[in-house]
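Working notes, beginning with the structure itself.
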Amino acid sequence: MSSRRHFNPWAFILPGVIAGGVVLGVPVVQAFWISLHRLRMYRMHDQVFVGLDNYARLLQDPLFHLSVRSTLVFSVGCTILSVIAGLAVASVMSTRGIRGTSAARFFMAFYLVPFVATQVVVGMMGRLYVWEPEYGLVNFVLGLFGADGPMWLISQDTAMWATIVTNAWRLTPLAVLIFYAALATVPEELLESAEVDGAGGWRALALIKLPLIRYHIGFVALIQLTSAFREFDTVFALTGGGPGRTTNVLSLLVYNEGISNSDMGVANAISFTMLIIVSILSLVYMRVARLGDLGN
């Protein structure tokens, strides 16, 4: 008798599907419905159906275009920095002679501090203790070399880069954890053979380790990209969207339209547009990853 008669996989996944549909699907549908109306926060009962007018307003709004560009720069910058930093730290921690030592365990635990800290705390620490022009850490280190640091969070030339570095520092521990676990699965026999052939150190990392964990790298990059794309707390605590709206990412634009201007229709239109952009990015990644599998 086949065991399939006694095993129905849908019985196990259906409760999760239903819960996910209710928790995620209902707010998405509600947000889309509100985005089709002219609606003020303090007059929720007074709704006027306007169709796609809110979306048409966004397409003609220069501030929305600027926020989209700022969000893309911020997201891509955070993703690149966090992935590179995560690979570097995980590679060092997973090398023989360091992996498993008490120093390595202490460093890994210490490095997880940004991961467990809230985004607001990270942003406040960055604004008060790292990028502060007079007594901040970065300008203090630059002063040791005789260089005068800029007004990082006040200058339009440096505010975005300071924000990217701060948020990338917060995202890096997740990349370290995943890459460290992935590198632990690389067979030691391959690394020993590479050393015999003279391919040790960085060459082993580039020729053996990175190709074997390429799927982990792609997964981490996607997670970091989507996380940075919807980031609000860190940016708000650091710059509040300034100076001159240089760091006014889409999540801050949603806050300004919905809370400050009480225009819930436009705010939900921006939120739904963000959902579409993130979905497209995820689908593109999965498509590229599938083509890579077929190519191999």
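Coordinate-derived values only; no laboratory data. The shown structure was predicted, so the numbers you read here are calculated from the model rather than taken from an experiment. Using ideal geometry, Cβ is built from the backbone for each residue, glycine included, and neighbour counts are taken over all protein chains shown.
Some observations on this one:
- Mean Cβ count within 10 Å, highest first, over the residues of peptides 54-60, 17-23, 275-281, 243-249: 243-249, 54-60, 275-281, 17-23
- Model label sites at MET108 and PHE49, defined 7 Å from Cα along the beta-carbon direction, differ in position by 5.7 nm.
- Counting every other Cβ atom within 10 Å of each residue's Cβ, ILE178, ILE80 order from fewest to most as ILE80, ILE178.
- Sorted peptide list for 88-94, 160-166, 27-33, criterion being average Cβ within 10 angstrom, highest first: 160-166, 88-94, 27-33
- The stretch 1-154: C-alpha gyration tensor shape, a/c 1.5 cut-off, then a/b vs b/c: oblate
- The stretch 20-37 versus the stretch 234-259: alpha-carbon centroid distance in Å: 24
- Cα Rg over Rh - the stretch 77-228, Kirkwood: 1.04
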